[in-house]
Amino acid sequence: MDFDALFTAQLDALKQEGNYRIFADLERRCGDFPRARNHGDEGARDVTVWCSNDYLGMGQHHEVMQAMKDAIDACGTGAGGTRNISGTNHYHLLLEEELADLHGKEAALLFTSGYVSNWAALSTLGARLPGAVILSDAGNHASMIEGIRHSRADKVIWRHNDVEDLDRKLAAVGPDRPKIVAFESVYSMDGDICPMAEIVEVAEKHGAMTYLDEVHAVGLYGPRGGGISEREGLADRITLIEGTLGKAYGVVGGYITGSAAMCDFVRSFASGFIFTTALPPAVAAAAQASIRHLKSSDMERMKQRRQVARLRAELDRIGIPHMANDSHIIPVMIKDPVKCRMISDILMDDWGIYVQPINYPTVPKGTERLRITPSPLHSDEDIARLVEALSELWSHCALARAVA
C-alpha cells in the first residue's frame, strides 16, 4: 500500500479548501519584540509580528532572561527526567509556590504545557471520580475536549456561556454523582469573556466542582495578573484554576492550582504528569521571575490595553469589521479561507506584517479571520501601518466594510 499517496491526497484536499497551514520561518530577535526576521525563499527580512501569544513581551524581559541564565549557570539545562524518577528540582517547588500564591490556593502542580495540564487534569478527575459527569462549555479548547474524552466520563455539553442551559443540564444529573463544570475565562478565538460569577453560582447551587481555564488571562487581568477570577474576586470560590506559562508570562509550561489534596491527587494518578520529563529548571526560574514581576507591575498591562483600544478605534474609523469583545484579542473577520490566506500572504510579502490566518478547524467554516494581539511594545506607528495595510487590502479584495 502506498501510504504517502494516501497522505498526499488528504493534504491536497486541505490545500484546495484553503485550510492548509503554512508556518512562517521566524527568528525572534532579543530586545526587538515585536520585530522578527522572516526567512523566506528570497532571503531574510524584518517583519512586525501581530499575532504572538507572548502578549506582554515578557519572553524578552531582562529580569526573565537573567533568571533563566542564572539558573543554567547554577544547575545546567535539563531536569534529568521525570520528577518521579529524577526528583523534583528546587526551582519547580519555588514556581509552584509562586503559582499557588498567585491564585490564592493551597497548592499548584506544574506540567510541560497548558495543553498537557488540561488533558492530564481533566482526564484524571473524570476517570478517578466514580460516576463523574463533566459539563463542558461548547467553546472549550481542544486540550479540554481531549482530556474529557480520554477520561471516558459521561460528558454533557452546554451552550457557550449560556448559564441557563448549564443550570438545566446540571439539574438533570443525579444529585449523588460528582459534577465538574469545565469552562474558560477568555476564549482565544472570539476573545469573549465568560459570565464567571453566574457560572460559579449555578455550579455551587448544584454542588458541582468548577474547573477554570485561565490560559489567555493570567498575567493580563487582575491587580496581580491572577486572571479574570482574580479581577472578579472569585478565585476562592473556584475549585481548580488552570493556566499557562507560555503566553503572557513568555516562557513555556502549564499548571493547575487548588487544594493540596486535589493537586496531590492529580500528581499521584495523572499519566501526563508521572511519565513526562519535567520542565528544565531554567524555564521554571524564568517563569517564576515573570510571574513575580507581573504581580507587582501594572505598567505592561496598562500599555497593552491602551494599544488594544487604539487599534480597535482605528479599525472602526476605516470600517474594518472586527468582533466586539472585552479582551485583548481582536478577531478581524474575513469569512473566507482563501481570501484569509491571501491577505495574510500579502501582508507579509508587501508590508512586512505577520498575522497568521485562522481557518477551519480552529474556527468554524465561514468565520475565518485574522487574530490580532496588540502588545505594549507595538508603537502607534506600528498600528498606523497595520491599519493602512488592512484598508488597502480590504479594497483590493472587495471585502465589505463595517457601517458605523
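The values are calculated or read from the model by the stated rules, or taken from the named source; none is laboratory data. Here the structure is a predicted model, which is why all the values come from computation and not from measurement. Glycine also receives a Cβ, built like all others from the backbone with ideal geometry; neighbour counts cover every protein chain displayed. All accessible areas refer to the heavy atoms of the entire protein, side chains included, with ligands and DNA or RNA removed. Shrake-Rupley method; radii C 1.70, N 1.55, O 1.52, S 1.80 Å.
When DSSP beta bridges are limited to those with both residues in the chain, what percentage is antiparallel, rounded to the nearest 5? Looking only at bridges with both residues in the chain, the antiparallel portion is about 60 percent. For the residues TRP158, TRP50, TRP351, a GNM of the chain with alpha-carbon springs under 10 Å puts the largest fluctuation on TRP351.
Derived scalar couplings between HN and Hα for the range 76-87 equal x, 9, x, 7, x, x, 6, 5, 5, 9, 8, x Hz in order, rounded to whole Hz, by the Karplus curve 6.51 cos²θ - 1.76 cosθ + 1.60 (θ = phi - 60°), x for Gly and Pro. Using a simple spin-label model with pseudo-atoms 7 Å out from Cα toward Cβ, ARG149 and ARG305 lie 3.8 nm apart.
Residues whose amide H lies under 5 Å from that of ILE157, counting only those 5 or more places away or on a different chain, are SER136; hydrogens are built 1.01 Å from N in the peptide plane. Surface composition of the chain: carbon plus sulfur atoms contribute 53% of the solvent-accessible area (1.4 Å probe, protein chains only, all chains present). Using R0 = 51 Å, the C-beta based FRET efficiency linking GLU106 and ILE318 works out to 0.50. Averaging the sequence gap over all C-alpha pairs within less than 8 Å and six or more residues apart, then dividing by the number of residues, gives the chain a relative contact order of 21 percent. Take each peptide in 109-118, 11-20, 51-60, count the other Cβ atoms within 10 Å of every residue, and average; sorted highest first, the result is 109-118, 51-60, 11-20.
Labels on offer are [x] 160; [y] 168; [z] 133, and the one holding volume of the Cα convex hull per residue in Å³ computed from this structure is [y]. Only DSSP H runs of four or more residues enter the estimate; each adds -39500 (n - 2.57), and after division by the residues of the chain the mean residue ellipticity at 222 nm equals -13500 deg cm²/dmol. With contacts taken as Cα pairs under 8 Å and at least 6 residues apart, the range 27-73 reaches a relative contact order of 26 percent.
If packing is taken as the average count of other Cβ atoms within 10 Å, what order do 24-30, 35-41, 165-171 fall into, highest mean first?
Descending packing order for the listed peptides: 165-171, 35-41, 24-30.
Alpha carbon centre of the range 270-332 versus the range 345-382: separation in Å? About 16 Å separates the Cα centre of the range 270-332 from the one of the range 345-382.
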